[in-house]
1. Between region 271-333 and region 155-190, what is the C-alpha centre distance in whole Å?
2. Using a probe radius of 1.4 Å on heavy atoms only, what accessible surface per residue do you get for region 294-362? Whole Å² is fine.
3. Of 236, 414, 324, which has the most accessible area with a 1.4 Å probe, and how do the rest follow in descending order?
4. May I ask you to give the solvent-accessible area per residue for region 81-151, in square angstrom, as obtained with a 1.4 angstrom probe?
5. Sequence-distant or interchain residues sharing an amide H contact under 5 Å with residue 231, placed H: which?
6. Taking only DSSP H segments of four or more residues, each worth -39500 (n - 2.57), what value at 222 nm results for the chain once the sum is divided by all its residues, to the nearest 500 deg cm²/dmol?
7. Can you compute the label reach from residue 174? Point 7 Å from Cα along the Cβ direction, backbone N cut-off under 19 Å, restricted to region 135-149.
8. Report the calculated FRET efficiency for residue 181 and residue 289 (r = Cβ-Cβ distance, R0 = 35 Å), to the nearest 0.05.
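The values are calculated or read from the model by the stated rules, or taken from the named source; none is laboratory data. Keep in mind the model is a prediction, meaning the values are calculated, not measured. Don't worry about glycine lacking a Cβ; one is built from the backbone with ideal geometry, like all the others, and counts go over all protein chains shown. Calculation scope for accessible area: heavy atoms of the full protein, side chains included, ligands and nucleic acids excluded. Shrake-Rupley method; radii C 1.70, N 1.55, O 1.52, S 1.80 Å.
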Amino acid sequence: MQTYSYPESQALFQRASRVMPCGIYGHFSPAPLIPPEHYPFFTAKAKGARFFDIDGNEFIDYMCGYGPMVTGYNNPEVDAAALDQLKRGNCTTSAAPVMVELAEYLVDLIPAADWAFFAKNGGDITNYATMIARDATGRSKIVMFKGGYHGVAAWMQAPGHHGVMDQDHENILRVDWNDFAGLEAVVDRHGDDVAGLIATPYHVPTFADSEMPAEGFWNNVESLCRKHGIVLIIDDIRHGFRLDMGGSCEYFGFKPDLICFCKALANGYPISALVGSAALKDVTARVFYTGSYWFSAVPMAAALANLKRMKAMDAPRIMLETGDKLLTAMVDIAKTYGFDLKVTGAPSMPYLRITNDPSLMLHQQWCAECTRRGAYFTSHHNWFVSTAHTDDDIRRTLDIVDDAFKAVKKIFGDRF
Ligand code: PMP
């Protein structure tokens with residue numbers, strides 16, 4: 001099977017490095033792509049579940065822009081709605097009616113939602129949710145789970161990160177995922193001063209297996225929050241609409257006070273949403289929060305079209321089934337080469353790891369070998385499935401997976 005090379009990507013990265021800190025920053029940085037010479041850094045064009053890099057190589061994409069692509073790149077229905085709104089106005093001095101239509105649609109779609117508020121990024125909304133929790137309770141502390149990611153504000157970043165001060169974490173209490181007894185103990189100690197608890201619907205740390213909630217975990221957490229008057233905030237930025245159209249809390253059977261959505265909302269158009277309970281509507285109204293582009297109407301029109309499309313096709317079911325088909329076959333192929341490919345998380349956003357080598361070197365090499373054959377996999381982060389991944393994409397991916405296992409067998413011989 002042919003393998004790719006990336007002279008144009010690498011040359012452009014050199015140019016980028018001269019004028020941009022670390023060349024490409026944040027989660028698109030090549031740093032965790034190992035070995036980096038097997039990965040493209042720049043995209044020329046994209047369609048459906050595939051993209052072409054600037055060297056002309058074609059990839060079936062299992063990162064989906066790290067989540068925003070959900071119904072296919074350049075989805076004609078979503079783009080048409082966005083274009084139609086663009087022709088009428090985008091960042092206008094008073095809001096466009098589509099903002100109200102989108103809020104109404106979310107309130108109808110999501111059982112836990114009595115109102116909706118829009119911003120741009122996920123971190124805008126997770127931060128706002130904690131401000132609302134503090135104002136509602138008059139308390140200061142926020143409980144979160146170790147290894148959880150909620151954005152880049154200083155309080156959300158892990159202690160010790162550059163630019164983050166100890167004071168930024170003064171009001172943050174970190175507990176272990178699924179450790180309900182540990183959470184209870186922290187709440188017992190600080191209960192009178194705990195404003196909110198923020199968590200993803202299931203745990204998705206980087207460089208580590210995803211972890212589903214233990215049996216009864218969410219119901220226990222919900223009861224604990226109710227008992228102590230703690231605002232329960234679900235960060236559904238990554239999982240949202242890939243498990244259930246009503247929010248991931250519907251999938252797991254509990255009711256939060258606030259839910260944060262972003263990535264899959266508008267198929268790549270920049271928008272995030274906070275939805276919440278009637279009890280928090282007046283508090284939210286008085287907590288000031290806004291941004292230059294938060295009333296931008298084009299992403300709102302895109303979100304409305306995208307959500308309607310997803311609802312009509314039952315997108316979470318499609319993604320869960322597609323992921324399941326792909327992953328079951330991949331695990332079987334791995335077995336024929338003597339490799340144990342461990343899959344955690346939901347099939348619509350799985351995290352994979354070859355357990356034969358705990359150092360992850362073998363796994364990193366295999367992901368890179370798949371990528372340079374045309375199936376874009378990362379080794380440190382969960383993947384994403386979209387409704388645009390076709391049976392043809394799956395078949396082609398499985399051929400690539402097979403050839404990549406052959407390649408790593410050659411590289412690592414009998415070491416694993
Ligand atoms: N929460 C979770 C669970 C996320 O995955 C992310 C983004 N990766 C965020 C919050 C932050 O979103 P954003 O990068 O749009 O601010």
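1. Region 271-333 and region 155-190 have Cα centres separated by 27 Å.
2. Details: 2540 Å² over 69 residues.
The answer is 37 Å² per residue.
3. Numbers: 236 0, 414 150, 324 80 Å².
In descending accessible area the options line up as 414, 324, 236.
4. On the way: 3170 Å² over 71 residues.
Heavy-atom SASA per residue in region 81-151 reads 45 Å².
5. Amide H neighbours of residue 231: 196, 197.
6. Numbers: 12 runs with 160 residues, N = 416.
Result for the chain, helices only: -12500 deg cm²/dmol.
7. 141-149
8. Values: r = 35 Å, r/R0 = 1.01.
For R0 = 35 Å, the calculated efficiency reads 0.50.
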